[in-house]
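**Student:** One structure follows; several queries about it will come next.
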Amino acid sequence: MRKKLFFCFLLTALIQESGAEILGRNDELNEVQSGIKAADQNMQHLQLQKNTLNTQLGEVEKLYGKTVALLRTLQNQVEQKRRDLSKIRQEVAKSQNQIAEQNKELAGQMKAAYAMGQKEKLKLLLNQQDPALSSRMLVYYDYLNKARLTKLAGISESIKHLDRLSKQQQQETELLEKDLEKRKAEQTAVNNVRKRRTELLAQLKRDVFSNEQQVIHLRESENKLKNLVSSLQRSTDDLTFEAEQSKRLHTNAEASSEPDKDLPGGAGDDFAKLKGDFSALRGQLPWPVKGRLANKFGSARAESTESIWDGVLIDAKEGTEIRAITSGKVTFSDWLRGYGLLIIIDHGKGYMSLYAFNQSLYRQVGDWVDVGDVIASVGQSGGRSHAGLYFGIRNNGRPIDPQEWCRK
C-alpha cells in the first residue's frame, strides 16, 4: 500500500515537472514567434520608409533640376541684357561724339557767317563787280546756308536718337534689376532644395541602407533600367523612326543653315556633323562631356564587387553642359531610381545612348536632337554624393563599351 502511494506520488511529481517544462518551452516558442513577427513588422516599416524616402528624393531632385534650369535661363537673360546695355552705352557714346562733332562744324559755319555780318547775302551782291562771279558766289552762299540747315537738322535728330537711347537704357536697366532679383530668389530656392536633398540622403544612409541593402538597391535599380530600355526598345518602330528622321532632315535642309543656338559659333570640331547610321559611326562619336573616366565599362562598382559598370562614369563639374553624341529622338526624360535624372536618346536601328545622374534635363520626350545639342547638365542625382555623368550605349538593349564607339 505504501509502495503504491509512493509510486503515485512520484508519478504525479513527474507529470507536474513535464507539464511545467512544456509550458516553459511554449513560452519560449511564443517569445520567438513574437520576435519574428516584430522583425517582420520592422522590415516592412523599413521598406516603407525606404520607399517613402526614395520617392521624396526623386521629387526633390526633380525640383532641384527644374529650379537650376530656371536659374540657368535667368542667368542667360541677365547676361543678354548686360550685352544689350553695353551696346546701348557704346551707341550713346557714339551719338554724343557725333553731336559734339556736328556742333563743332556748325560753330565754324556760324563764326564765318558772323564775320561776314548780318547782311551777308546783300554784301556779296554789292561787293562783286563781275556778274558771273556774283552769281557763282550766290550759289556758294545758298550751298553754305543749306549745309548749316542740314547740320542743324542732323544735330536735332542726333539729340532725339540720344534721348531714345537713354530711355531704352533706363528700361533695360530696370529689367536687368528685376531679373537679378529673380535670380537671387531662385538661387535661394536652389540652396534650400539642395539642403533638403542632403538631409534626405543622410537619413537614407543612416536609417535604411546597410551594405547588404545597398547592394540589393543597386541590383533593383539596374533591373529597372534594363526593363526600361527593353520597353523603349519594343515601342520603337524603325520604319516610323526613319520616316520622321527623313522628314526632319529634309525640313532642316530647306531651312537656313545657321549654327545651333545652343552652341556659340556652331558645334565646333568636337561635334561636327556625322554621316551614316549609328552602326557606321564606331570610333567616330564625340564624348558627351570632357572629363576623366572615373569608371570604365565592365569595371566593378564600388557598392558591390558582384556588380559591374554597364556604361562609363565621367568625372565633370556640376552644371557642365552635356551634348548629344549624334542625332536622334528623345524617348525618356525623367527621374529613375538609382540613376536620378536620366535622358535616353534613340538613334535608330536598335541603338540608344543613355545619360544619367544629371542636374537638369533640357529636352523632353519626342524632341529631336542633333550632334552637339545641349540635352542636360552634369549633376549628382540618384542619391550620389559626387558630380559625374553616367554614359551608356545600348544595342538592342545590350550594353556596349562607349570607349569602342567614341573617339580616342
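Just so it is clear, none of the values below were taken in a lab; they were calculated from the coordinates. What you see is a predicted model; the values in this text were computed from it and never measured. FYI the Cβ positions are ideal-geometry reconstructions off the backbone, even for glycines, and counts take in every protein chain you see.
**Student:** Amide H neighbours of Trp287 under 5 Å, at least 5 residues apart or on other chains, H built in the peptide plane: list them.
**Tutor:** Amide H neighbours of Trp287, under 5 Å, 5+ apart: Arg407.
**Student:** What nm distance separates the two modelled labels at Asp237 and Ser299, each placed 7 Å from Cα along Cα→Cβ?
**Tutor:** The two pseudo-label positions are separated by 4.3 nm.
**Student:** Holding the Cα-Cα limit at 32 Å, pick out from Lys87/Lys146; Lys224/Lys296; Lys81/Lys275; Lys62/Lys329; Lys182/Lys317 the pairs that are longer than that.
**Tutor:** Lys87/Lys146; Lys81/Lys275
**Student:** So, in nm, how far is label Glu91 from label Gln403 when the simple model puts each one 7 Å beyond its Cα toward the Cβ?
**Tutor:** 5.4
**Student:** Could I ask something else about it? Based on other C-beta atoms within 10 Å, arrange Leu57, Leu74 from fewest to most.
**Tutor:** Leu74, Leu57
**Student:** Next question. Round to the nearest 0.05 the FRET efficiency obtained for Ser385 and Lys349 when R0 = 56 Å and r is the Cβ-Cβ distance.
**Tutor:** Computed FRET efficiency for Ser385 and Lys349 comes out at 0.90.
**Student:** Which order results if Asp238, Asp373 are arranged by neighbouring Cβ count within 10 Å, fewest first?
**Tutor:** Fewest to most other Cβ atoms nearby, the residues stand as Asp238, Asp373.
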